[in-house]
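To start, the structure itself, in structure tokens.
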Amino acid sequence: MTSEELEQRLYAERMDKAKIDSLVVQLLEFPELVGNLLNATLKQDKSKENFNACWALEHLMRKRLDYLLPHIDRLIALLPQITWESSIRPIARILEALNEAFFIKKEATFISSITLEHQEIMTEVCFDWLIGEHKVATKVFAMTSLFYLGERFQWIRPELKSVLELQIIDGTAGFKNRGTKTLSLLKELGV
């Protein structure tokens, strides 16, 4: 697949899950196109015409998260620029997976590729998503990333606890579920 073919697929029409899955199968053979997906994600976020690129990126990362590592600087630079909820949710899910690979699975390639500066930007963006007017999925992914990032930055977990205690009262069922679990984990850690 060429970058031109990828662009045609991403912009031709709003893709359903079957078409995204088909595209991901092809992209598995072309990891060099991840940079193109990131560029298209930002373009589609700004135009708000469709979110094929970020949806394809999320599904590709579920299969091969390591494909993102050569483009990690680009992803981190894009984070503050992504503003459309339909783009934010898949990106938040990718951040959760990155933090899980780093903090839970302790995968060496992620530990050597994700810098302190990357994590500082992830922290800022995730707090923005958690306290901002976003849908529950975005908030849940951000909450989980922040919990993981609290292993690196000691101040995060007490702040996360405070935010969750305030938001859980009026949160949706999904938010309350994950929030309660996260608060329990924080309590076990003595926060």
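The values are calculated or read from the model by the stated rules, or taken from the named source; none is laboratory data. Remember, it's a predicted structure, so these values are computed and weren't measured experimentally. Using ideal geometry, Cβ is built from the backbone for each residue, glycine included, and neighbour counts are taken over all protein chains shown.
Within segment 20-46, being of a type in the set (Ser, Thr, Tyr) and farther than 24 Å from PRO80 by Cα holds for one residue alone: SER22.
Of the helices (runs of 4 or more DSSP H) lying entirely inside segment 109-191, not one carries at least 2 residues that are in contact with a strand residue (DSSP E or B) (Cβ under 7 Å, 6 or more places away or on another chain). The residue that is farthest from ARG74 (Cα to Cα), among those in segment 21-41 that are surrounded by fewer than 19 Cβ atoms within 10 Å (Cβ to Cβ) and among the hydrophobic types (A, V, I, L, M, F, W, C), is VAL25.
Annotation: of all residues in segment 115-148 being more than 12 Å from the chain's Cα centre (by Cα), among the hydrophobic types (A, V, I, L, M, F, W, C) and surrounded by fewer than 20 Cβ atoms within 10 Å (Cβ to Cβ), the one that is nearest to LEU75 (Cα to Cα) is ILE121. Residues in segment 77-108 that are within 19 Å of GLY35 (Cβ to Cβ) and part of a helix (DSSP H, G or I): ALA77, LEU78, LEU79, PRO80, GLN81, SER87, PRO90, ILE91, ILE94, LEU95, ALA97, LEU98. Would you be able to say whether some residue in segment 120-129 is under 17 Å from LEU37 (Cα atoms), at pLDDT 95 or above and of a type in the set (Phe, Trp, Tyr)? No; the residues of segment 120-129 include none that is under 17 Å from LEU37 (Cα atoms), at pLDDT 95 or above and of a type in the set (Phe, Trp, Tyr). Test ASP73 against the stated conditions and say whether it is in a helix (DSSP H, G or I) and touching a Cys at 6+ places or on another chain (Cβ under 8 Å). So ASP73 fails the test. Checking LEU33, LEU69, LEU65 one by one, the residue that is over 26 Å from ARG152 (Cα atoms) and at pLDDT 95 or above is LEU33 and no other. Contact annotation: residue pairs with Cβ atoms under 7 Å, 6 or more positions apart or on different chains, pairing a residue in segment 101-118 that is of a type in the set (Phe, Trp, Tyr) with a partner that is surrounded by 12 or more Cβ atoms within 10 Å (Cβ to Cβ) and part of a loop (DSSP other than H, G, I, E, B), are PHE102/ILE114; PHE103/GLU151.
Just to verify a result, which residue in segment 1-19, among those that are aliphatic (A, V, I, L, M) and surrounded by fewer than 16 Cβ atoms within 10 Å (Cβ to Cβ), is nearest to the chain's Cα centre (by Cα)? My answer is ALA18. Please determine whether any residue of segment 101-112 is modelled with pLDDT under 95, farther than 16 Å from SER3 by Cα, surrounded by 15 or more Cβ atoms within 10 Å (Cβ to Cβ) and among the hydrophobic types (A, V, I, L, M, F, W, C). No, every residue in segment 101-112 fails to be modelled with pLDDT under 95, farther than 16 Å from SER3 by Cα, surrounded by 15 or more Cβ atoms within 10 Å (Cβ to Cβ) and among the hydrophobic types (A, V, I, L, M, F, W, C). With respect to the numbered conditions (1) in a loop (DSSP other than H, G, I, E, B); (2) touching a Phe, Trp or Tyr at 6+ places or on another chain (Cβ under 8 Å); (3) without any contact (Cβ under 8 Å) to a residue 40 or more places away in the chain, which one is the sole condition not fulfilled by MET15? Of the numbered conditions (1) in a loop (DSSP other than H, G, I, E, B); (2) touching a Phe, Trp or Tyr at 6+ places or on another chain (Cβ under 8 Å); (3) without any contact (Cβ under 8 Å) to a residue 40 or more places away in the chain, the odd one out for MET15 is (3).
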